[in-house]
Amino acid sequence: MIVSFIVNGEGVTARVTTPVSLLDVLRDQLELPGSKSACEQGECGSCSVLLDGALVCACLVMAVDAEGSTVRTVEGIASEGTLHPVQVAMHEAGAVQCGFCTPGIVVAAADLFDRDPTPTTDQIKEAVAGNICRCTGYGAIVRALESVAGERR
Amino acid sequence: MDTQYPKTIDEAVSALSDGATPLAGGTDLMVEVNFGHRRPDHVVALRRVDELAEWDGSTIGAGVTWRRIELEGPKALAEAARTVGSPQIRNAGTIGGNVATASPAGDGLPFLAAVDASIEVRSATGSRSIQWDEFFLGVKKTALEADELVTGVDLPEDLPERQAFGKVGVRNAMVIATVCCVVTRELDGLTRVALGSVAPTPMRARQSEEMISAVARPSESDLAEFARLVAAEVSPITDHRSTAEYRRHAAGVLARRLLGRCLR
């Protein structure tokens, strides 16, 4: 069957014959490999996307269930060549090592700041609790996000 | 593959009568699909059924997400909701999915057991309300027929003011319970203790309830006896997450701690 939805502001269609995930369709059919495929069970958060405005794991969304929906991936977080403040802060704080978890953390953090421009450190930690990083120990990531909150206070 | 997108419960149950697989938040089903354990070829996607997301007083629609319960639910259920998966999982996963999946570790289930909730189900031919202890039959086994859909959970109108949820796991975030527990206590002392991950289904520790309900102001030795009784009543197994011995011990410690919160 053909599934139609909107990704990062553009209408797309995908041909789906099995119950594959939205993540597979984004990566394999729509040339959007920013969302990473790792655990495929919602544990690691590296495939985080916004589905109709809600932060979810794309690996746990059946692609057919995206029909008629609006999806925002990490590729849609920067706007017209301008990095999102979260991306700038993570770059400046050295919050990226291997980079595999980074797209998921950028999406989760962008979602946090959309809902609350000045989160506390605890709120920041809770917002990225579903995103596993095995390099940084989270220190630089949390400091980067604290700096975004600090600039807005 | 064939997918249906019902907008009403009637349309949804009519689709289920053809043997289709219901899909809500996908947080359980898609794990099975991704690992090749299931491959549904006829799916009923429930996300567009607004009726399922209704929350009418003491009846919580099956499609209400953990995120919403975290913000709006009764105290101990909201506390349980906050420990479900991650923010991503809580935005997608629903209470109806927790009930229908019937994992022994379902974080929302001890609350339903503690307050004697009923599960509302509907098929194309009728609806019924099933008391929680007649609904959960075993590990991932329920009284739900293949053509029936969980439409909501029905809580009593008056919930105990003092209620607490706790969970033991290997870390604070993103963890499946080693033991989870809800304790409620009424002003007259009536206490209820429900546990998860320590039996094939959510369970009540009824002897412990009876013992501690009769004590108006529990002493340290009453609390120790209560913890011992809870540990004796559970029937855990050893698996990759924990040992039966540890679960039994943790169940007593956790129930005692939660009772302490209710007594404060």
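Summary of values
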read-out: Kirkwood hydrodynamic radius (C-alpha pairs) into Stokes-Einstein, the range B:1-92, 4 °C and 1.567 mPa s, D in µm²/s; value: 91 µm²/s
read-out: Gaussian network model of chain B, springs between alpha carbon atoms under 10 Å - residue of B:38, B:128, B:90 with greatest fluctuation; value: B:38
read-out: Amide H contacts of residue B:55 (H built 1.01 Å from N, under 5 Å, at least 5 apart or other chain); value: B:61
read-out: For the range B:119-238, accessible area per residue (1.4 Å probe, heavy atoms of protein chains only), Å²; value: 49 Å²
read-out: Charge sum, other residues only, whose C-beta stays under 12 Å from residue B:238's C-beta, Lys/Arg counted +1 and Asp/Glu -1; value: +1
read-out: Chain A, relative contact order [Cα under 8 Å, separation at least 6], %; value: 24 percent
read-out: Residue-normalised accessible area of the range B:1-54, expressed per residue, 1.4 Å probe, Å²; value: 49 Å²
read-out: Pairwise Cα inverse-distance average, inverted: Kirkwood Rh of chain A (Å); value: 15.6 Å
read-out: Under Karplus coefficients 6.51, -1.76 and 1.60, residue-wise ³J(HN,Hα) of the range B:224-231 in Hz, glycine/proline x; value: 5, 5, 4, 4, 5, 5, 4, 4
read-out: For A:18-25, mean number of other protein chain Cβ atoms within 10 Å; value: 4
read-out: Å² per residue, accessible surface of the range A:85-152 at 1.4 Å; value: 45 Å²
read-out: Long-range HN-HN contacts of residue A:84 with modeled amide H, under 5 Å; value: A:78, A:79
read-out: The range B:156-198 pair-distance distribution - Cα-Cα, 5 Å bins, rounded %; value: 5, 21, 24, 18, 13, 12, 6, 1
read-out: Cut-off under 5 Å, modelled amide H: who pairs with residue B:2 long-range; value: B:42, B:43
read-out: Residue among B:37, B:144, B:230 farthest towards the positive dipole end of chain B, charges placed on Cβ; value: B:230
read-out: Summed residue charge, Cβ within 10 Å of residue A:117's Cβ, Lys/Arg positive, Asp/Glu negative; value: 0
read-out: Reduction of at least 30 Å² in accessible surface, 1.4 Å probe, comparing all protein chains with the chain by itself, residues of the range B:10-32; value: B:23, B:30, B:31
read-out: Selected from B:173, B:113, B:81 as most flexible by GNM, with chain B as the system and alpha-carbon contacts under 10 Å; value: B:173
read-out: Gaussian network model of chain A, Cα within-10 Å springs - most flexible of A:16, A:25, A:86; value: A:16
read-out: Rounded D (µm²/s) - the range B:162-263, Kirkwood Rh over Cα pairs, Stokes-Einstein at 25 °C, 0.890 mPa s; value: 183 µm²/s
read-out: Burial of 10 Å² or greater, the range A:56-80 residues [accessible area, probe 1.4 Å, versus chain by itself]; value: A:56, A:57, A:59, A:60, A:62, A:64, A:65, A:67
read-out: Protein heavy-atom accessible area occluded, B/A pair - total, 1.4 Å probe, Å²; value: 2600 Å²
read-out: Relative contact order, percent, chain B [alpha-carbon distance under 8 Å, six or more residues apart]; value: 16 percent
read-out: Calculated over the range A:85-152: convex hull of Cα atoms, volume per residue (Å³); value: 69 Å³
read-out: Overall Cα dimensions of the range A:2-76 - principal axes, largest extent first, Å; value: 28, 26, 20
read-out: Dipole magnitude of chain B about its Cα centre (Cβ charges: Lys, Arg +1; Asp, Glu -1), debye to nearest 20; value: 1240 debye
read-out: Over 30 Å between alpha carbons, listed pairs B:141/B:167; A:125/B:141; B:7/B:141; A:36/B:75; value: A:125/B:141; A:36/B:75
read-out: Largest-first principal axis extents, alpha carbons of the protein assembly as shown, Å; value: 68, 54, 38
read-out: Neighbour net charge for residue B:180 - beta-carbon separation under 13 angstrom, K R +1, D E -1; value: +3
read-out: Over 22 Å [Cα-Cα, chain B], rounded percent; value: 54 percent
read-out: Accessible surface of the protein assembly as shown [probe 1.4 Å, protein heavy atoms]: carbon and sulfur percent; value: 47 percent
read-out: Residue-averaged beta-carbon neighbours from other chains (10 angstrom radius) around A:125-134; value: 4
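The values are calculated or read from the model by the stated rules, or taken from the named source; none is laboratory data. Since we're looking at a predicted model, the values are computed, not measured. Positions of Cβ are generated from backbone atoms using ideal geometry, with glycine treated the same way; all protein chains shown enter the neighbour counts. Just so you know, the surface numbers come from the protein's heavy atoms only, side chains and all, with ligands and any DNA or RNA stripped out. Shrake-Rupley method; radii C 1.70, N 1.55, O 1.52, S 1.80 Å.
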